[in-house]
There are 2 protein chains.
Amino acid sequence: MEKNFYKKLSFAVIGAGNGGQAIAGYLALKGYSVNLYNRSIERIKDIKQKGYIDLEGCYNGRGILNLVTNNIERAIRNVDVIMVVSPASAHKFLANKIAPIIAPNQYIVLNPGRTGGALEFKNIIAKYNPVKEVCIIEAQTLLFACRSLYNGKVKIFGKKNEVKVSALPATRTKEFTNIIKDVFPEFTPSINVLETSFNNIGAMLHPIPTILNCGRIENTHGNFQYYIDGITPSIARVIEEADYERLLIAKKLKVNTISLMEWLNYTYGAKGNTLCEALNNTKGYHGIFAPSTMETRYIYEDVPQSLVPISDMGRHLGINTPTIDSIIQLASIIHNTDYYRYGRKITDMGLDRLSTVDEIINYVVKGEIDSSNEGVVA
Amino acid sequence: MEKNFYKKLSFAVIGAGNGGQAIAGYLALKGYSVNLYNRSIERIKDIKQKGYIDLEGCYNGRGILNLVTNNIERAIRNVDVIMVVSPASAHKFLANKIAPIIAPNQYIVLNPGRTGGALEFKNIIAKYNPVKEVCIIEAQTLLFACRSLYNGKVKIFGKKNEVKVSALPATRTKEFTNIIKDVFPEFTPSINVLETSFNNIGAMLHPIPTILNCGRIENTHGNFQYYIDGITPSIARVIEEADYERLLIAKKLKVNTISLMEWLNYTYGAKGNTLCEALNNTKGYHGIFAPSTMETRYIYEDVPQSLVPISDMGRHLGINTPTIDSIIQLASIIHNTDYYRYGRKITDMGLDRLSTVDEIINYVVKGEIDSSNEGVVA
């Protein structure tokens, strides 16, 4: 170990939920230096005391942590890569904490970013220091399927073969995938963060079936198979309509994207004449139960950090999203929270001054607004 | 019987579903002359052969019909009162059939009109003959709780103590309730058809729980109690929000209206700290099951003839109805029908030239547009 020490990347893992514990444990087990941070001390006090995370499932063993802390400054100081593995609803809070202390040679990786995560992160950092160069990487999805059995013990059910990532600016994506390839060879380059943001499948699969099964979730405490019993022909039609709205926007942004139906086929080999059939034919979805209450990440994360930015990008580009907007409205009533107001919008993503698709693409590629274009009306 | 014959009103009952068979059987049992019409001959061919309807439940006996026909001209010729007891989705079709042949001394009664039924009926008749005086009565709800056991046999579970009615024009409401009082003493005068239209409780209770239980309805074929299991706290919150939108419009139209919560208390004596509790405490709702599929009147009648006219009146008056609009959008996808486009709108109700509340009220009271006001910008 000792002789390779200076070559090895060091990591901070931000967030000690299921995904955060999995990534921290996995990296530590592989011999990397890992600082684990969580906002509330409550969740990490057992792990702090033990100093390690045990893995089971696809990986077995003990990952010794370098540091466990709720002090973010200590967590990220001098590490090479900051892996953000929190719900996207925490991105704004975390970006404001990280912005003043981030160093130019550190990478921030959002696992995942949902829609517009990297853009929002960068926008917040730019408010603290407009000239600071930062490289924010957005992963399209979480690498692991995992669950924490208790704090300090994680079961890893599976690891994806491929997770698309893009840097903001996109000119630095290959630099990042090169640096990280020994650790995460699964990370493969995407065109830009618009692509990782608008191939947001969770946005399609989470809020709609939850809301259209609202009565059943509350009346049975989620005692039904979420995908198999919960996605019926009518619900699949609503998902397809929302997916169509997402695709319209993605195509306007010139990113590579596929429909949910194609994604199911590509990812799981699931087939069917209708979306409902394809979902029902997805083996991995059998046995997954519904959330037990309406207080679920399927709403409080996927509505404000996925559906709202998709809808607001649509509005910005002149594309209507009536189906997505209906779900935002109903979610807002059910959670008594104005998700449109508090969700991630064009202004949060720093795109409000960019009125054309080309300006937006130019920004995500270069990471800066062409000053020559500023104020010019096309 | 013979000596009273010339005093007795004669009726046409339009529509031979549950409600139509109940009203036809009830009137015939009371000795009134009844012509029963249905658009499709299929449903009435057994009744036509027998010539009567048998009642059980609150009323027992055989009502001999004067005529059973699918010829609307024969059905309504020379009758005093035309009782329309069809789904509101048939109002447009029926109004176009009745318009050319209606006589000035005949009353048309919509049982019920849902929202804007009388206005739409009148508007269609006016297109055929702008100077023809007609009196259209809108009932707020159906008088009977009933179910046809088979064609020609109806079980009447209950009769409401009071059903609000209004004539269009409202100046003729009392004339009608006077004429009908021996037959239906339950009909009590409402201020105008805006009041019967905007106290549309079914609009609040039908589409929302159906759509927010979409998965369960399709997965279990409606095998749960609609109001008791199906209306959970989150669903009740959505209903309350839609009800609030309805109340805003009703108040702007200066009609007497009460919230759904107050209505449950007034009608059923149901109490609770929340709408959900009050619904669960409504005895009459226990044991009522959900629709077995999404192809239900709770959507295909209540969305286009209740929610759409409420929403479009809101738009006309500058009141937003985002919750109601969300439900219209989801219903439209689920039924693959653009309900907003095909539903009852301000133009269908003949109100498009009336831009102020006072103009609208003046019209529903007098049944005509003040020509002195036309073209005047307020």
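Readers should treat all values here as calculations from the given coordinates under stated rules, not as data from a laboratory. Every value quoted in this text rests on a predicted model; they were computed, and no experiment measured them. Cβ placement follows ideal geometry from the backbone for every residue including glycine, while neighbour counts extend to all protein chains displayed.
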Tally the DSSP beta bridges in chain B and give the antiparallel ones as a percent, rounded to 5. 35
Give the value in nm², to one decimal: projected area of the alpha carbon convex hull of region B:202-346, averaged over all directions. 8.1
Computed Rg/Rh for region B:94-193 (Cα atoms; Rh = Kirkwood radius) stands at 1.01
How much length is gained on full extension from B:Leu248 to B:Thr274, taking 0.36 nm per residue of separation minus their Cα-Cα distance? 7.4 nm
For B:Lys92, list the aspartates and glutamates whose Cα falls under 14 Å from its own Cα; do not include residues on the same chain fewer than 8 positions away. B:Glu120, B:Glu301, B:Asp348
Whole-Å distance linking the alpha carbon centroid of region B:31-103 with that of region A:154-170 is 67
Please go through the residue pairs A:Lys48/A:Lys155; A:Lys50/A:Lys345; A:Lys97/A:Lys164; B:Lys45/B:Lys159; A:Lys122/A:Lys153; B:Lys181/B:Lys252 and name each one whose alpha carbons sit more than 29 Å apart in this structure. A:Lys50/A:Lys345; A:Lys122/A:Lys153; B:Lys181/B:Lys252
Partner aspartates and glutamates whose C-alpha sits under 17 Å from that of B:Lys8, ignoring same-chain residues fewer than 8 away, are B:Asp80, B:Glu175, B:Asp182
Out of B:Ile82, A:Met261, B:Ile137, whose Cα points farthest toward the positive end of the dipole of the protein assembly as shown (charges: +1 Lys, Arg; -1 Asp, Glu; placed on Cβ)? A:Met261
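Hey, what's the per residue convex hull volume over the C-alpha atoms of region B:10-198, in cubic angstrom?
98
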Return the distance in nm (one decimal) between the two label points of a simple spin-label model at A:Phe93 and A:Tyr266, each offset 7 Å from Cα along Cα→Cβ. 3.4
Would you mind checking which residues have amide H under 5 Å from A:Gly57's amide H? H placed 1.01 Å from N; only 5 or more apart, or other chain. A:Ile156
The ³J(HN,Hα) series, computed from each phi in region B:235-243 with the Karplus coefficients 6.51, -1.76 and 1.60 at θ = phi - 60°, rounded to the nearest Hz and given as x for glycine or proline, is 5, 4, 5, 5, 4, 4, 5, 5, 5
5 Å is the cut-off here: which amide hydrogens, built 1.01 Å from N in the peptide plane, fall below it relative to A:Gln106, excluding neighbours closer than 5 in sequence? none
Note to self, chain B gives a 222 nm [θ] from helices alone (DSSP H runs n ≥ 4, -39500 (n - 2.57) apiece, / all residues, nearest 500) of -11500 deg cm²/dmol
Taking the Cα atoms of the protein assembly as shown, what is the range of coordinates along each of the three principal axes, in descending order and whole Å? 117, 56, 46
Could you tell me the calculated FRET efficiency between B:Thr347 and A:His221, based on Cβ-Cβ distance and R0 = 56 angstrom, to the nearest 0.05? 0.75
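Would you work out if chain B is rounded, prolate or oblate? Take a ≥ b ≥ c from the square roots of the eigenvalues of the alpha-carbon gyration tensor; rounded if a/c is under 1.5, else prolate when a/b is larger than b/c, oblate otherwise.
In terms of gyration-tensor shape, oblate.
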Quote to one decimal, in nm, the extra length available between A:Val131 and A:Thr171 on full extension: 0.36 nm per residue of separation minus the C-alpha distance between them. 12.7 nm
7 Å along Cα→Cβ, label-point gaps from A:Ile288 to other copies, nm, shortest first: 3.6
Sort shortest first the distances from A:Lys252 to its counterpart in every other copy, using label points 7 Å along the Cα-to-beta-carbon line, and give them in nm. 2.8
Under the Karplus curve 6.51 cos²θ - 1.76 cosθ + 1.60, θ = phi - 60°, whole-Hz ³J(HN,Hα) for region B:173-189, x wherever Gly or Pro sits: 4, 5, 4, 5, 5, 5, 5, 8, 5, 6, 8, 10, x, 5, 6, 10, x
If A:Cys58, A:Cys276, A:Cys135, B:Cys146 are placed from fewest to most neighbouring beta carbons inside 10 Å, the sequence is A:Cys58, A:Cys276, A:Cys135, B:Cys146
May I ask you to evaluate 6.51 cos²θ - 1.76 cosθ + 1.60, the Karplus curve with θ = phi - 60°, for each residue of region B:203-216 and list the ³J(HN,Hα) values in order in whole Hz, giving x for glycine and proline? 4, 8, 8, 9, x, 5, x, 5, 6, 7, 10, 3, x, 5
Considering amide H positions built from the backbone, and no H for Pro or chain starts, which residues 5 or more places from A:Lys164, or on another chain, come under 5 Å of its amide H? A:Gln140, A:Thr141, A:Thr188
Run the label-point distances for B:Thr356 please: 7 Å along Cα to Cβ, every other copy, nanometres, shortest first. 4.8
